[in-house]
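Student: Got a structure for you, written out below as structure tokens; questions coming shortly.
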Amino acid sequence: DVKVTQSSRYLVKRTGEKVFLECVQDMDHENMFWYRQDPGLGLRLIYFSYDVKMKEKGDIPEGYSVSREKKERFSLILESASTNQTSMYLCASSLSALGETQYFGPGTRLLVL
Amino acid sequence: RKEVEQDPGPFNVPEGATVAFNCTYSNSASQSFFWYRQDCRKEPKLLMSVYSSGNEDGRFTAQLNRASQYISLLIRDSKLSDSATYLCVVNKGRDDKIIFGKGTRLHILP
């Protein structure tokens, strides 16, 4: 079974703090993705990566950056957290082609005060 | 036309009934189609892939209509445990990444 883990289930941060969200997958998947999910807006892609050290912007990259130094790990960074970044953050991975099935981690609920 | 469009519901259906959802997509070059299920406050999980010939998995049947650009999900003999949000997932185009619909909420009533 594919396992995708995220470093925290719940996180509370203050406005202006730098926030790191970590995601690890154990199935040697090429592609990794970061989404945020908000009521009424569905899943929105922030960034994705198709290889180590490679990254591509998704639909809403503003205010976020990512890092993929190792194949199994994909980090999402909020450089200066703002209240409108309060959300559920979901990491996913897929094997090789971008159009393949994605497997999700359990999510991180981030509250920015 | 939105890339992937679903009726948000909620669909309130008595236990044992049959329920069907449709989902339309805008890009005729899309090749990959899936249905995901998301329980409240949980992550999305793959329910089933949708093949050109249609496919069935127990009480669940998925169909693809390329001419009209929609996919469907049929649930027979619905159970209380089928209550969830069902996400339609389509890839943006040939060899492109997948995108998620906003989901259809289903409530199975006892």
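Student: Of everything in the range A:23-52 that's assigned to a loop (DSSP other than H, G, I, E, B) and within 20 Å of B:Val4 (Cα to Cα), which residue is least open to solvent (accessible area, probe 1.4 Å)?
Tutor: A:Gly40
Student: Now a separate question. Does the range A:47-65 contain any residue that is of a type outside the set (Lys, Arg), within 15 Å of A:Lys18 (Cα to Cα) and in contact with a Gly (Cβ under 7 Å, 6 or more places away or on another chain)?
Tutor: No.
Student: I'd like to check something: does the range A:32-43 contain any residue that is more than 14 Å from chain B (Cβ to nearest Cβ) and of a type outside the set (Lys, Arg)?
Tutor: no
Student: Could I ask something else about it? Filtering the range B:27-43 down to residues that are without any contact (Cβ under 8 Å) to a residue 60 or more places away in the chain and within 23 Å of A:Ser93 (Cα to Cα), which residue is surrounded by the most Cβ atoms within 10 Å (Cβ to Cβ)?
Tutor: Ranking the qualifying residues of the range B:27-43, first place goes to B:Phe33.
Student: Quick one: which of B:Phe34, B:Phe60 is in contact with a Ser or Thr (Cβ under 9 Å, 6 or more places away or on another chain) and of a type outside the set (Gly, Ala, Ser)?
Tutor: Unique residue meeting the criteria: B:Phe34.
Student: A follow-up question, please. Can you tell me which residues in the range B:44-60 are without any contact (Cβ under 8 Å) to a residue 12 or more places away in the chain, closer than 18 Å to B:Lys79 by Cα and open to solvent by less than 80 Å² (accessible area, probe 1.4 Å)?
Tutor: B:Gly58
Student: Turning to a different aspect of this structure: Looking only at the range A:1-52, how many residues end up being among the charged types (D, E, K, R) and over 25 Å from B:Thr85 (Cβ atoms)?
Tutor: Of the residues in the range A:1-52, 9 are among the charged types (D, E, K, R) and over 25 Å from B:Thr85 (Cβ atoms).
Student: On to the next question. Filter the range A:60-110 down to the residues that are open to solvent by 40 Å² or more (accessible area, probe 1.4 Å), in a strand (DSSP E or B), within 14 Å of chain B (Cβ to nearest Cβ) and not aromatic (Phe, Trp, Tyr) and list them by number.
Tutor: Result: A:Arg109, single match.
Student: Look at A:Ser8 and say whether it is under 30 Å from B:Pro8 (Cα atoms), under 15 Å from the mean Cα position of the chain (by Cα), in a loop (DSSP other than H, G, I, E, B) and in contact (Cβ under 8 Å) with a residue 24 or more places away in the chain.
Tutor: Working: under 30 Å from B:Pro8 (Cα atoms): yes; under 15 Å from the mean Cα position of the chain (by Cα): yes; in a loop (DSSP other than H, G, I, E, B): yes; in contact (Cβ under 8 Å) with a residue 24 or more places away in the chain: yes.
It is true that A:Ser8 is under 30 Å from B:Pro8 (Cα atoms), under 15 Å from the mean Cα position of the chain (by Cα), in a loop (DSSP other than H, G, I, E, B) and in contact (Cβ under 8 Å) with a residue 24 or more places away in the chain.
Student: Here is a follow-up. In this structure, does B:Gly103 turn out to be under 15 Å from the mean Cα position of the chain (by Cα), open to solvent by less than 40 Å² (accessible area, probe 1.4 Å) and more than 14 Å from every other protein chain (Cβ to nearest Cβ)?
Tutor: So B:Gly103 does not fit the description; no.
Student: Restricting to the range B:26-47, count the residues that are among the hydrophobic types (A, V, I, L, M, F, W, C), at the interface with another protein chain (Cβ under 9 Å from one of its Cβ atoms) and touching a Leu at 6+ places or on another chain (Cβ under 8 Å).
Tutor: 1
Student: Out of the residues in the range B:11-26 that are part of a loop (DSSP other than H, G, I, E, B) and not polar (S, T, N, Q), state the one that is most open to solvent (accessible area, probe 1.4 Å). Spell out the reasoning first.
Tutor: Kept after step one, since they are part of a loop (DSSP other than H, G, I, E, B), are these residues of the range B:11-26: B:15-18, B:26.
If we keep only those that are not polar (S, T, N, Q) too, we end up with B:15-17.
On the way: B:Glu15: 96, B:Gly16: 40, B:Ala17: 28 Å².
The selected residue is B:Glu15.
Student: Checking B:Tyr36 against (1) assigned to a strand (DSSP E or B); (2) at pLDDT below 95, which single condition isn't satisfied?
Tutor: (2)
Student: Please state which of the following conditions B:Ser78 fails to meet, knowing it meets all the rest: (1) open to solvent by less than 10 Å² (accessible area, probe 1.4 Å); (2) within 14 Å of the chain's Cα centre (by Cα); (3) modelled with pLDDT of 95 or more; (4) more than 13 Å from chain A (Cβ to nearest Cβ).
Tutor: Looking at each condition in turn, B:Ser78 falls short on (2).
The values are calculated or read from the model by the stated rules, or taken from the named source; none is laboratory data. The structure displayed is predicted, hence computed values, not measured ones. Note: ideal-geometry Cβ built from the backbone for every residue, glycine included; neighbour counts use all protein chains shown. For accessibility, only protein heavy atoms count, side chains too; no ligands or nucleic acids. Shrake-Rupley method; radii C 1.70, N 1.55, O 1.52, S 1.80 Å.
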